[in-house]
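Below is one structure; the comments refer to it alone.
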Amino acid sequence: MLASTPALADGNDVAAYLRGRSASASGHIDIATADYARALTAAPHNPVVAIRAYRSALAAGDDALALRAAIVLDQAGVAPADTALIPLALAASANDPATADAAIARMKGTPLGLLVPALTQWTAFAKRAPASSASTATDPAARRFAVETRALLSIAGGHVDEGMTALTALGGAGAALDLRAAAARLLVGAGQGARARTLLTPEELALATPANPTLGFGVSWLLTRVAGELASAEPSPLSIALTRAALRADPTNDRARLLLALSLSSQAAQRAALIVLDGIAPTGPFGESAATARIVILGAAGRGAEALTIARTAAVRADSTANDWQRYGDLLAQAGREAEAAPWFRRLAERPGATWSDWLQYGGALDRAGRWTDAEPALERAVALGPDQSLALNYLGYARIEHNENATAATRLLARAWALKPDDDSIADSLGWAYFRSGDTARALPLVERAAIGEPTNAEIDEHLGDIYWSLGRHYEARYAWRAATVTAPATDETRLTGKIADGTPPRARH
């Protein structure tokens, strides 16, 4: 086990180390990296300092410091597995398969060992040597990456039919986007644009920029592929290590750049994330995704006003797109400015090819803005376009109940929604509430009780349950449900809920 406090030469060096920790915790990666570099200079063999310097350097993109710290960790025998990614990426960038093989050998027996079968196929291709069979990989994940790599290398080697057959076995148009995009890029690079287009949807065609099957391309793709798999998991330093290495191997890999920015932001390094996004061309294949990520990251950094300004600038341009309108509308709605969001959602709903969800979004914004008369036709349009969409049915039915309008028709809508999704607690609550408002408490109670069990932190359901209990004279249980509601209810509901707890509430059912 490493010592918890590093032994440094003097007080100034200790101060640099402690400043680095403080800056890192607050997301100031550039400051932290500079301080860790000073501390490592003062204690050049200290693995405690080195590991922090290594992680901070990866986040900041300081290759020299990352390599220096990795050497210290390796000499101390405590280097994490991902330090092997640095020499691997540098070798791949230089198209040096022999050096890459030495780095790959270091991964065997580590958590990154699952990449070895796929990586060795790329180095064999670079050396024009026979590759080992993908089936030799024993770990399921390792085998999957190896089989995907074999499909790509078949295309790269001119065996396009074989590669396309392998892609079909891997899911064809339903395979992972990173795999399909890589295959399409190789096909375009080989003059097979028509076949490339069969792998992508119309919205994805911009990803099919031509690529050559270099070692840098292959290693960068594989590391990005793994980072993409990790993107939905808990934030991890490994995601940063993978994407930094992917960019060293292929500096044009904007997919890796995007994943790196999101990983940095998830670890409170928003400033570093925004710098990474600056490297993505606005008009490139990942320009739209980068624009969305920038707005999300600015919001996470507490710079919501700046995010709104950027989104508005894009939305009002003469050449603005549906994505621009969506981003700006979403931000306005998140800020509680539903009335301002509604016109942008209306643009989406009225464009050719609009779906039920576009009309639901528009109608919902109008409803929350207090414009029920305008909202109802939009919500009806959503149901007409999506007659089997439980979300649309539930929204319109519940809204009509809340607006005291056409309770019988509203209850039918909610019953349809519940029949479509009988395990949805929100819909069960809506239907139960509709029964209660119509005076059928016997049918209402079990539905709302079930919903409260399924969603114990849903304040609206807890309040409904309290109202029903009160109407039945079960006042103790009613107050208990209302108190539960106060735990997660928004501040705007506090006065109403505390009033109910203090004085009770008259039954809301109509008899």
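Whenever a residue of region 210-229 is within 11 Å of Asn95 (Cα to Cα) and in contact (Cβ under 8 Å) with a residue 24 or more places away in the chain, its partners that are surrounded by fewer than 21 Cβ atoms within 10 Å (Cβ to Cβ) and of a type in the set (D, E, K, R), lying with C-beta atoms within less than 8 angstrom and at least six residues away or across chains, give the pairs Leu215/Asp96.
Does Thr492 satisfy the criteria of being of a type in the set (S, T, N, Q) and surrounded by fewer than 13 Cβ atoms within 10 Å (Cβ to Cβ)? Taking the combined requirement at face value, the residue satisfies it.
The residue of region 231-263 that is surrounded by the fewest Cβ atoms within 10 Å (Cβ to Cβ), among those that are in a helix (DSSP H, G or I) and either in contact with a His (Cβ under 9 Å, 6 or more places away or on another chain) or among the polar types (S, T, N, Q) (or both), is Ser239. Note on region 422-442: residues that are loosely packed, with under 15 Cβ neighbours inside 10 Å and touching a Phe, Trp or Tyr at 6+ places or on another chain (Cβ under 9 Å) total 1. Within region 486-504, no residue that is in contact (Cβ under 8 Å) with a residue 40 or more places away in the chain sits with its Cβ atom under 6 Å from a residue that is exposed (fewer than 12 other Cβ atoms within 10 Å of the Cβ) and of a type in the set (Ser, Thr, Tyr) at 6+ positions apart or across chains. Against the condition over 19 Å from the mean Cα position of the chain (by Cα), assigned to a helix (DSSP H, G or I) and either modelled with pLDDT of 95 or more or farther than 22 Å from Phe125 by Cα (or both), how does Ala184 come out, does it pass? When the stated conditions are applied, Ala184 passes them.
Of the residues making up region 61-79, those that are part of a loop (DSSP other than H, G, I, E, B) and touching a residue at least 40 places away in the same chain (Cβ under 8 Å) are Gly61, Val78.
For region 40-60, residues that are assigned to a helix (DSSP H, G or I), buried (at least 19 other Cβ atoms within 10 Å of the Cβ) and of a type in the set (S, T, N, Q) total 1.
With respect to being modelled with pLDDT of 95 or more and touching a helix residue (DSSP H, G or I) at 6+ places or on another chain (Cβ under 9 Å), Arg244 fits the description. Cβ contacts < 7 Å: first residue free of Cβ contacts under 8 Å to residues at least 40 places away in the same chain, restricted to region 105-116; second residue of a type outside the set (Lys, Arg) and not in a helix (DSSP H, G or I), any location; separation 6+ or different chain. Result? Between residues of region 105-116 that are free of Cβ contacts under 8 Å to residues at least 40 places away in the same chain and residues that are of a type outside the set (Lys, Arg) and not in a helix (DSSP H, G or I), the close pairs are Leu114/Asp139.
The values are calculated or read from the model by the stated rules, or taken from the named source; none is laboratory data. Just so it is clear, the model here is predicted, and its values are computed rather than measured. Cβ: placed from backbone, ideal geometry, glycine included. Neighbour counts: every protein chain shown.
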